[in-house]
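S.K.: Dropping the structure in here first, questions after.
The values are calculated or read from the model by the stated rules, or taken from the named source; none is laboratory data. Since this is a predicted model, take the numbers as computed values, not measurements. Backbone-built Cβ (ideal geometry, glycine too); neighbour counts: all protein chains shown. Ligands, DNA and RNA are excluded from the accessible area calculation, which covers all protein heavy atoms including side chains. Shrake-Rupley method; radii C 1.70, N 1.55, O 1.52, S 1.80 Å.
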Amino acid sequence: MKRQKRFEALEKRPIHLDGFVKEWPEEGFVALEGPNDPKPSIKIENGVVTELDSKKREDFDLIDMYIADHGIDKSNAEHVTSMDSNKLANMLCDPNVPREKIIPLTTGMTPAKAVDVISKMNFVEMMMATQKMRPRRTPATQCHVTNLRDDPVQIAADAADAALRGFPEQETTTAVARYAPLNAISIMIGAQTGRPGVLTQCSVEEALELSLGMRGFTAYAETISVYGTEQVFTDGDDTPWSKGFLASCYASRGLKMRFTSGSGSEVMMGYAEGKSMLYLEARCIYITKASGVQGLQNGGVSCIGIPGSVPSGIRSVLGENLICMMLDLECASANDQAFSHSDMRRTERLLGQFLAGTDYISSGYSSVPNSDNMFAGSNTDAMDYDDYYVMQRDLKVNGGIVPVKEEDVIKVRNKAARALQTVFEALGLPKITDEEVEAATYANTSADMPERNMVEDMKAAQDMMNRGITGIDIVKGLYNGGFRDVAQAVLSLLQQRIAGDFLQTSAIFDKDWNVISAVNDKNDYEGPGTGYRVSGETWDKIKNIPMAIDPSNV
């Protein structure tokens, strides 16, 4: 057939590299309102839930049982379930109905009821609700700090760079798992050099991640995954109870943590049970609530390509973020996975959370170019910084970061690299050369770094763990090496774990170690003139992007 030239040209556009699937409910390829989703219902007899979402107690699977016994406010559940879902949806997006009046209703919903309410709302209405329902008044965002070679010097420099730009939480992982201890201490030292009070984590296998936290190498965790069907859970040798136990282990040592879920995981693993992605994700959110965990990373996350492939999928992703907030949980709302070849579509994915504001607009904005991102790339990366700054400026939105000066970045990257050099020497770890410090100061990617002996690094990392090195040893190394301000910052981070105040819902620190959380920074949005507004010093920083012409210099 002779082709029409415009169609030929369009088929070469990046969007055609993305994957799309027509709805296939039997295998879970439906975003929401699936034909096999249960109808909302609940019956409570003598304080025990005997029916949940059209299923009798004797037919409950382990997820139903856990949610029924621990995840729903039974005092209001029957009343809320009987309410009209359209009315509840209207209350959610109505700025005249304060958050504090809605939470007692939404925490009494069943998973199917929450999904039914979300299904009544369009994307803009969900954004209106998100603006009001996020627990913390002040929005923020989180970043990834990784590199292809697990180079610790580059991690430290990039962490300091990211802290200067305003990320209050930073996450690293490994290309090679045995590098985890070195990556964990590198991101912590770098972040505290850039700005005291930044929380850091190292995402690895759960037992090792907990060990790193208990040693004082990390301050929080979020890669504790929960799932929406029993088969997926048990395939991973887990149950909701084992995840709840793990959560208590973190809390007992003053470590902040949140669970991770995200629609599409059950489809990817082949056990969606014919239910919609949003319904299964709602079950994950209720497991989080039932476990007493303060927050959740959700919004498709690493499975975003699956909801992104079906009709209304990106809408349902914002819906799952909103359900998380409806249960009064901290919401780290993803935007953390490379999901499209189309720049326009990448921006579409971001805007719901960016404009409405969430506790963490991205639970992983890549602070390095995506070629160095060991989380398989992010929806936004370091090459998007200037575009992101301009979007904040254009729309007067606080997206969580601020412009920086090149000379300030150079200075802080160099200091972080030198601080890590001192700690490595103090702990008897493989030498960091002056050449590496210089390279990390000016590097963009790991291609700009000299190669290290990775075998020796990995041996040293294991030896460090065997020797029982802790965060206090890092403090001593920094102090004795002349980096007393960084030593004090790391010590303060360890001390905060004793106080435990940053275990409050949606907690972050400012540069003076004041906790900002849903307790003392409660979202009070009730329409124009209320809630969070960009102003003062933050707006001044957002306005003054480096590429703007200063009339006084013309």
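S.K.: If packing is taken as the average number of other Cβ atoms within 10 Å across a peptide's residues, how do 99-108, 299-308, 358-367, 487-496 rank, most packed first? Don't skip to the answer; put the middle values down first.
M.R.: Working: 99-108: 17.5, 299-308: 25.8, 358-367: 30.6, 487-496: 19.7.
Sorting 99-108, 299-308, 358-367, 487-496 by mean packing, highest first, produces 358-367, 299-308, 487-496, 99-108.
S.K.: Going by alpha carbons, how many degrees (0 to 90, nearest 10) lie between the helix axis of 180-194 and the longest principal axis of the chain?
M.R.: Between the helix axis and the principal axis of the chain, the angle is about 80 degrees.
S.K.: Right, another one. What's the angle, to the nearest 10 degrees (0 to 90), between helix 123-133's Cα axis and the longest principal axis of the chain?
M.R.: With both axes taken from Cα atoms, the answer is about 70 degrees.
S.K.: Once the convex hull of the alpha carbons of the stretch 45-99 is built, what does its volume come to per residue, in cubic angstrom?
M.R.: Values: hull volume 5.7 nm³, N = 55.
Spelled out: Cα convex hull of the stretch 45-99, divided by residues, is 103 Å³.
S.K.: Tell me the net charge near Asn514. Cut-off is 12 Å between Cβ atoms, Asn514 excluded, with +1 for each Lys or Arg and -1 for each Asp or Glu.
M.R.: Numbers: positive: Lys511; negative: Asp501, Asp510, Asp512, Asp521.
Neighbourhood net charge equals -3.
S.K.: With the full set of protein chains in place, find how many percent of the accessible area of the stretch 233-308 is carbon and sulfur; take the probe as 1.4 Å.
M.R.: Details: 1170 of 2110 Å².
The value for the stretch 233-308 is 55 percent carbon and sulfur by accessible area.
S.K.: Principal axes first, then extents: for the Cα atoms of the stretch 74-113, list largest minus smallest coordinate on each axis, whole Å, largest first.
M.R.: So the three principal-axis extents are 26, 19, 15 Å.
S.K.: Sticking with this one: Hey, could you get me the Stokes-Einstein D for the chain, Kirkwood radius over alpha-carbon pairs, 10 °C and 1.306 mPa s, rounded to whole µm² s⁻¹? Intermediate values should be presented prior to the final figure.
M.R.: Working: Rh = 24.0 Å.
For these conditions, the coefficient is 66 µm²/s.
S.K.: Per residue, how much accessible area does the stretch 303-418 have with a 1.4 Å probe, in Å²? Write down the numbers at each step before the final one.
M.R.: Numbers: 3510 Å² over 116 residues.
In whole numbers, the stretch 303-418 has 30 Å² accessible per residue.
S.K.: If we restrict to alpha carbons, what Rg and Dmax does the stretch 1-110 come to, in Å?
M.R.: Cα only, the stretch 1-110: 21.7, 72 Å (Rg, Dmax).
S.K.: Same structure again: Computing the accessible area with a 1.4 Å probe over protein heavy atoms, can you report the carbon and sulfur percentage for the stretch 443-501? Walk me through the intermediate numbers first.
M.R.: Working: 1460 of 3020 Å².
With neighbouring chains kept in place, the figure for the stretch 443-501 is 48 percent.
S.K.: Where the centroid of each part is defined by its Cα atoms, how far is the stretch 80-145 from the stretch 339-409 in Å?
M.R.: So the separation of the two Cα centres works out to 25 Å.
S.K.: Also, quick follow-up: Given a 1.4 Å probe, how much area per residue of the stretch 495-550 is accessible, in Å²? If you can, show how the numbers build up before the last one.
M.R.: Values: 3240 Å² over 56 residues.
For the stretch 495-550, the solvent-accessible area averages 58 Å² per residue.
S.K.: What does the charge dipole of the stretch 178-254 about its Cα centre add up to, to the nearest 20 debye, if the Cβ of each Lys and Arg holds +1 and the Cβ of each Asp and Glu holds -1? Display every interim value, and only then the final one.
M.R.: Working: 5 positive and 8 negative charges, 110 e Å.
For this selection, approximately 540 debye.
S.K.: If one puts a single equal scatterer on every Cα of the stretch 233-319 and applies the Debye formula without solvent, what log₁₀ I(q)/I(0) results at q = 0.15 Å⁻¹?
M.R.: -0.57
S.K.: Sticking with this one: Based on Cα positions only, what radius of gyration and what Dmax would you give for the stretch 76-156, in angstroms?
M.R.: 18.6, 58
S.K.: Just from the alpha-carbon atoms, what are the Rg and Dmax of the stretch 13-58 in angstroms?
M.R.: 18.1, 61
S.K.: When the gyration tensor of the stretch 430-535 is built from Cα positions, what are the square roots of 5 times its three eigenvalues, in whole Å, from largest to smallest? Could the numbers behind the result be given before it?
M.R.: On the way: eigenvalues 286, 89, 40 Å².
After scaling each eigenvalue by five and taking roots: 38, 21, 14 Å.
S.K.: Pairwise over distinct Cα atoms, reciprocal of the mean inverse distance: report the Kirkwood radius of the stretch 351-499 in Å, one decimal place.
M.R.: Values: mean 1/r = 0.0553 Å⁻¹.
This gives a value of 18.1 Å.
S.K.: Based on the alpha-carbon gyration tensor of the stretch 132-235 and its eigenvalue square roots a ≥ b ≥ c, which shape applies: rounded if a/c is under 1.5, prolate if not and a/b is larger than b/c, or oblate? Before the final figure, lay out each step's value.
M.R.: Details: a/c = 2.07, a/b = 1.17, b/c = 1.76.
The shape class here is oblate.
S.K.: Can you flag which of Lys243/Lys275; Lys411/Lys431; Lys256/Lys511; Lys411/Lys522; Lys55/Lys289; Lys256/Lys459 are past 26 Å Cα-Cα?
M.R.: Details: Lys243/Lys275 23 Å; Lys411/Lys431 22 Å; Lys256/Lys511 18 Å; Lys411/Lys522 36 Å; Lys55/Lys289 20 Å; Lys256/Lys459 29 Å.
Result: Lys411/Lys522; Lys256/Lys459 exceed 26 Å.
S.K.: Angle, helix 343-356 long axis vs. longest principal axis of the chain, Cα atoms, 0 to 90°, nearest 10?
M.R.: The angle comes out at about 80 degrees.
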